[in-house]
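A short worksheet on the structure shown next.
The values are calculated or read from the model by the stated rules, or taken from the named source; none is laboratory data. All values reported here derive from a predicted model rather than from experimental measurement. Here Cβ is always computed from backbone atoms with ideal geometry, including for glycine, and neighbour counts include all displayed protein chains. Calculation scope for accessible area: heavy atoms of the full protein, side chains included, ligands and nucleic acids excluded. Shrake-Rupley method; radii C 1.70, N 1.55, O 1.52, S 1.80 Å.
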Amino acid sequence: MRTTIALVVILLAIVGVVVFVQGDGDNDAQGYTDYEGDFAIKEIDRVHRVVLTHGDKRQFDLRRTSDGWTVNNLYKARMSSVEPLLEVIQRVDIKYIPPQAAMDYIIWDIGANAIKVEIFDRQDDLIKTYYVAGSTADERGTHMIMEGSRQPFVMHLPTMDGSFRARFTLGIDDWRDRHFMPMQPDEITRVVVEYPRQKSQSFILEADKGTYEVTPLYPDLRTYPDRPRSGAADLYLRALTGMACESYETNYAAVDSIRSLQPFSRIAIVCQDSTRNALLHLYPKGPLVHSEFSPAVHRFFVDLIPGDFMVAQHGVIREMLRGYDFFFEGEDQELIF
């Protein structure tokens, strides 16, 4: 009997330690509203700038503008990356105050892994500065500490069961918007599209104040149809300027090898402002697929000059992969890859 009681006492003691270390900790966190634990900015419209500084000195400066958010004053920001970050800034809450026994590890984690987060208002006045470090062992909380404080916290989002650190660790290519064309349809005055393997589908599109003329790039290979397809040119230009990539391949190792190949298509874009002119080269990525139910090419390498080297999905950019026949009544001829 005494042995059974002793075992029960030991078991209860172990459970108590586990609860303390894992930090159910709601009682510890309740009412903690002073500066050290006041991370959330409930009125998210106050936030107009967020600067994230990594331990390796990489810095990402996100700014709210009248046209959305930008990153590093260079690129339009990707809202599917910005919005999750803003959710953390607005809703982050104390999960528990870590026990003293865990403090050495947490302080080490902050020193080794923390990302500095500076948040500014519309006037560019600093609202808060804090540090986001690593995750707890169970991946259900994130270590954070306010600048100037000696008290770290385990934080969480009430709307999710897991760490939110990944929302702060994105690189520049993940912060950038996937729409990469630097102009609007009404800025374009001329587009020259060449398909080296199907020259008869190559064309020149001239635009002038909402009127369009499409002519073959190689006149000797075509006759001139006399029935233009209404709205086709406008649709094409909107598709061209609305292109989005799957990923930026800034450090793609074989980029020179790809550029040495014959492209599937060359697209030269001339704008009213000549500084915005662009040249696109598209190369099929991977082997061709010969199937009744799928396109021959699922992805393309896209080389934008000046600009980036990227990968784009066929399904996303297919509306700009048009040949000469598209602009005239009758069936489109399938492009040859």
Taking R0 as 25 Å and r as the Cβ-Cβ distance between S247 and D124, the FRET efficiency 1/(1 + (r/R0)^6), rounded to the nearest 0.05, comes to 0.20
Using the Karplus curve 6.51 cos²θ - 1.76 cosθ + 1.60 with θ = phi - 60°, what ³J(HN,Hα) values do you get for each residue of region 108-120, in whole Hz, with x for Gly and Pro? 4, 4, 5, x, 8, 10, 5, 9, 7, 10, 10, 10, 10
Check: in the chain the Lys pairs 8 or more apart or on separate chains whose Cα atoms fall under 19 Å apart number 4
Q184 paired with R46, simple spin-label distance in nm, labels 7 Å along Cα-to-beta-carbon: 3.4 nm
What ³J(HN,Hα) values, in whole Hz, does the Karplus curve 6.51 cos²θ - 1.76 cosθ + 1.60 give for region 196-201 when θ = phi - 60°, with x put for Gly and Pro? x, 8, 8, 5, 5, 9
Treating each Cα of region 73-165 as an identical point scatterer and ignoring solvent, apply the Debye formula and state log10 I(q)/I(0) at q = 0.11 Å⁻¹. -0.34
How large is the convex hull of the Cα atoms of region 178-217 per residue, expressed in Å³ as a whole number? 81 Å³
Percentage of interatomic Cα-Cα distances in region 235-274 larger than 12 Å: 77 percent
Hey, what's the chain come to in accessible area per residue, 1.4 Å probe, Å²? 55 Å²
P(r) of region 161-236 in 5 Å steps, Cα pairs, percent per bin? 3, 11, 16, 16, 13, 9, 7, 6, 6, 6, 4, 2, 1, 0
P(r) of the chain over all Cα-Cα pairs, binned every 10 Å from zero, in whole percent: 5, 20, 22, 17, 14, 12, 7, 3, 1, 0, 0
Residues whose placed amide H lies under 5 Å from that of T189, excluding near-sequence neighbours: V270, C271, Q272
Evaluate region 238-316: find the radius of gyration of its Cα atoms, find its Kirkwood radius, and give the ratio Rg to Rh. 0.99
Accessible surface of the chain [probe 1.4 Å, protein heavy atoms]: carbon and sulfur percent: 50 percent
At each listed q (0.24, 0.27, 0.30 Å⁻¹), what is the log10 of I(q)/I(0) that the Debye formula gives for region 51-90 modelled as equal alpha-carbon point scatterers? -0.85, -1.00, -1.10
